[in-house]
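Below: the structure, in structure tokens.
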Amino acid sequence: MANKKFYMTTAIAYTSGKPHIGNTYEIVLSDFIARFKRMQGYDVRFQTGTDEHGEKIELKAKDKGITPKAFVDEVAGGIKSIWDLMNTSYDYFIRTTDSYHEKQVQKLFKKFYEQGDIYKGSYKGWYCTPCESFWTESQLVDGKCPDCGREVKLAEEEAYFFKMSQYSDALIKYYEEHPDFITPVSRRNEMMNNFLKPGLHDLCVSRTSFKWGIPVDFDPGHVVYVWLDALTNYITGVGYDADGNSSDECKKWWPADVHIIGKDIVRFHTIYWPIFLMAMGEELPKKIFAHPWLLQDGDKMSKSRGNVMYADDLVKFYGVDAVRYFLLSQMPFDNDGVISWDIITDSVNSDLANIYGNLVSRTVAMSQKYFGGVLENKGVEEEVDADLKAVVTGAYAKVAEKVEQYKVADAMQEIMHVFRRANKYIDETMPWALAKDESKADRLKTVLYNLAETIVIGTTLMENAMPELCKEVYAQFGTTARKVEDLGTFGLLPDGTKVVVSDKKLFQRLDAKEINQKVEEMYAARKAPQKEAKAEVKATEEEKKETITIDKFAAVELKVGKVIACEKLQKSNKLLKSTVEIGDETRTILSGIAKYYTPEEMVGKLVVVVTNLAPAKLCGTVSEGMLLCASDPNGNVVLLTPEQVVQSGSKIS
């Protein structure tokens, strides 16, 4: 087993800002798997890193008045410090600004071009800057980005494209021959039904509208676009060379055993990346595990709300290992998990303080009280002992099976079952009652020995989740982690082992009310300077507000119109499609007011129309003007209408 390799990666974190706890979940999950595989004797390579190119970063750096490289250096350093804070045991941290990676991406781009996989063309479509993605008209949702819901802009530029379609049949065949390639299976079905079967579009792989990217060395002005740059980190990080001179490390580690990613980037990792690898002539990764999201109080985390949870904040309240435990134990395999301060506090109190911590403290305390801390197995067995031993010695196989399936939360429950069973064993054997009868001394010694042995085996399994606290448990029981091959054997603690009382409890029970008060104070302190800064910006903007001349105002043509028909636009929940009579002509005008007016209310209304606005196509329908509305600070929207009835087509001046 010692020579069996296991190469695993996380998705690389985008350096647009500080990662929240949902982002941090992935590195902690991956770290648990890496530690477990090492415990099993695998030669593990665990790679993570940062994705550092793109328009969004270029714009953020410009806003800060620094270079993009200085910006990503700062953010990448912050990400790495959080990964280190969470005690993650990665072997290599790659950055896409590393010179070796950049050089290989350039060589690979040229190789694809010379093979005929890449061709030059132009792209016209709706572009979302935050997602750095192009979308077709039909892919938009309510005229906005289908991924993030933000505004998109129409963009056209010269670009290189990768011929995805010519590899789609080969990828479908690979899916069919490797049914376990993507897990959970629901993600695989989504890729097949939504993307592969309908047919793949060619992929834009270069940009000319910004500069912060890896230059296409044979065509100045182009930079390599996001996914061809980012995805290749998994293989450049182990020494891949596009010219065929890959390192021995690459030959050892590739293909990867698993890429661990979030469900939002499944398409890029299970369609684009395998196709790139096919074009490279390289083997595909053995598995891609797409984990669900961690939702804050039921919603996807958003920094705009001002209450995003960060790992370093949680650590201040709960400690590193308690946060690790929560993340690993509470995230389902397929469905999204939920996080809140109350849920974490409940988890620490119920699982760690009441079950695990209480078991350890009771066992140590009774061993000290009755036998001066000396453990001894007298072999005085009763029927109840057999069930305890069966649970304990069978735990490793059950945990290993769950980890192999990437069902880590289920694995954590199997570990906790060991400790729950031990607490039940205390209730069944009642050591305090045995202590009152001198003739039961050997039975009492056996019970306490069995508890200590259970704790050591369970803690060996738990160490992959809580490495530092488990070391404290070993210290209390005068031992170290059990070897994996011995986890199925009960009774290996030597007679005479001395247990010691710790100066502090492993897990203190937490006061939820006190935690919540401190959290509110933390958020309030964080928001105060933000409010002040916004107020200053607003005041400055008002001072700088540009005035316009009468000529500019006169250029806007306003007329009174009458709505003669109205209906909801089928492709949108927000838009109403109004037919508006303006004098002798009628126009179709789309307005985002479906929340405030029904189509029936609109018919017959006199409205103010901007008539010389350029037509715009929204959700497949051309809008030929704009209806003016007013909105108050509470978000209420009302249409502007003439004070008295006037003829449609009347000019407003």
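The values are calculated or read from the model by the stated rules, or taken from the named source; none is laboratory data. As the structure is a prediction and not an experimental result, all values here were calculated from the model. Note: ideal-geometry Cβ built from the backbone for every residue, glycine included; neighbour counts use all protein chains shown. For accessibility, only protein heavy atoms count, side chains too; no ligands or nucleic acids. Shrake-Rupley method; radii C 1.70, N 1.55, O 1.52, S 1.80 Å.
What percentage of all Cα-Cα pairs in the stretch 189-324 are separated by more than 23 Å? Result for the distance tail: 55 percent. The alpha carbon gyration tensor of the stretch 610-653 gives principal lengths a ≥ b ≥ c with a/c of 1.5 or higher and a/b no greater than b/c, which makes the shape oblate. Label the stretch 395-455 by shape, choosing from rounded, prolate and oblate, from the square roots a ≥ b ≥ c of the eigenvalues of the Cα gyration tensor; if a/c is under 1.5 it is rounded, and otherwise prolate applies when a/b is larger than b/c, oblate when it is not. The shape class here is prolate. What separates the Cα centres of the stretch 226-292 and the stretch 431-498 is a distance of 44 Å.
Using only the C-alpha atoms, the convex hull of the chain corresponds to 206 Å³ per residue. On full extension, the segment bounded by A616 and Q570 gains 14.8 nm, given 0.36 nm per residue less the C-alpha separation. Our summary gives the chain a relative contact order of 11 percent, counting only alpha carbon pairs under 8 angstrom and 6 or more residues apart.
Equivalent-ellipsoid semi-axes for the stretch 331-477 (Cα gyration tensor, √(5λ), whole Å, largest first): 30, 17, 13. Extension gain for D346-E156 works out to 63.2 nm (0.36 nm per residue, less the C-alpha to C-alpha distance). Estimated from the Cβ-Cβ distance and a Förster radius of 56 angstrom, the FRET efficiency linking T598 and E176 is about 0.65. Net charge in the neighbourhood of F134 (other residues with Cβ under 11 Å of its Cβ; Lys, Arg +1, Asp, Glu -1) is 0.
Give me the distance between the Cα centres of the stretch 504-518 and the stretch 573-596, rounded to whole Å. Here the two parts' Cα centres lie 57 Å apart. As an equivalent ellipsoid, the stretch 149-237 spans semi-axes of 29, 17, 14 angstrom, where each value is the square root of five times an eigenvalue of the C-alpha gyration tensor, largest first.
Note down the Stokes-Einstein diffusion coefficient of the stretch 436-525 in µm²/s, whole number, using a Kirkwood radius over alpha carbon pairs, 10 °C, and 1.306 mPa s. It diffuses with D of about 100 µm²/s by this estimate. A 1.4 Å probe run over the protein chains yields, for the chain, 47 Å² of accessible area per residue, whole-number rounding.
Give me the net charge for the shell around S122: Cβ to Cβ below 10 angstrom, other residues only, Lys and Arg +1, Asp and Glu -1. Net charge around S122: -1.
Expected output is a single nm value to one decimal: the length gained when fully extending between R526 and A475, i.e. 0.36 nm times separation in residues minus the C-alpha distance. What is it? That pair, R526 and A475, stretches by 14.4 nm at full extension. From the largest down, the stretch 76-165 spans 45, 39, 21 angstrom on the principal axes of its Cα atoms. Annotation: for a label point projected 7 angstrom from Cα along Cα→Cβ of K263, residues of the stretch 22-54 with backbone N closer than 16 Å are 22-23, 25-26.
Could you list, bin by bin from short to long, the percent of Cα-Cα pairs of the stretch 1-148 in 5 Å steps? Distribution as computed: 2, 8, 13, 14, 15, 17, 14, 10, 5, 2, 1, 0 percent. Post the alpha-carbon centroid distance, the stretch 308-374 to the stretch 136-202, in whole angstrom. The stretch 308-374 and the stretch 136-202 have Cα centres separated by 41 Å.
At 1.4 Å probe size, with the rest of the protein present, what percent of the exposed accessible area of the chain is carbon and sulfur atoms? Answer for the chain: carbon and sulfur cover 49 percent of the accessible area. Plainly put, the stretch 312-371 has a radius of gyration that is 1.12 times its Kirkwood radius, both from alpha-carbon atoms, as the Rg/Rh ratio. Would you list, by chain and number, the aspartates and glutamates whose Cα falls below 18 Å from the Cα of K111, excluding same-chain residues fewer than 8 positions away? Of all the aspartates and glutamates, those that pass the test against K111 - Cα under 18 Å, at least 8 places apart if same chain - are E102, D202, D217, D219, D229, D241, D243, E282, E283. Which net charge results for the neighbourhood of V44, defined as the other residues with beta-carbon distances under 13 angstrom from its beta-carbon, given Lys and Arg at +1 and Asp and Glu at -1? Taking every Cβ under 13 Å from that of V44, the sum is +3. Normalised by the number of residues in the stretch 93-201, the mean separation of alpha-carbon contacts (under 8 Å, six or more apart) gives a relative contact order of 23 percent. To the nearest 10, the accessible area of K424 is 110 Å² with a 1.4 Å probe.
Each residue of the stretch 213-230 was assigned a 3J(HN,Hα) from its phi angle through the Karplus expression (A = 6.51, B = -1.76, C = 1.60, θ = phi - 60°), giving x, 6, x, 7, 5, 9, 8, x, x, 9, 10, 5, 8, 2, 6, 5, 6, 5 Hz with x at Gly and Pro.
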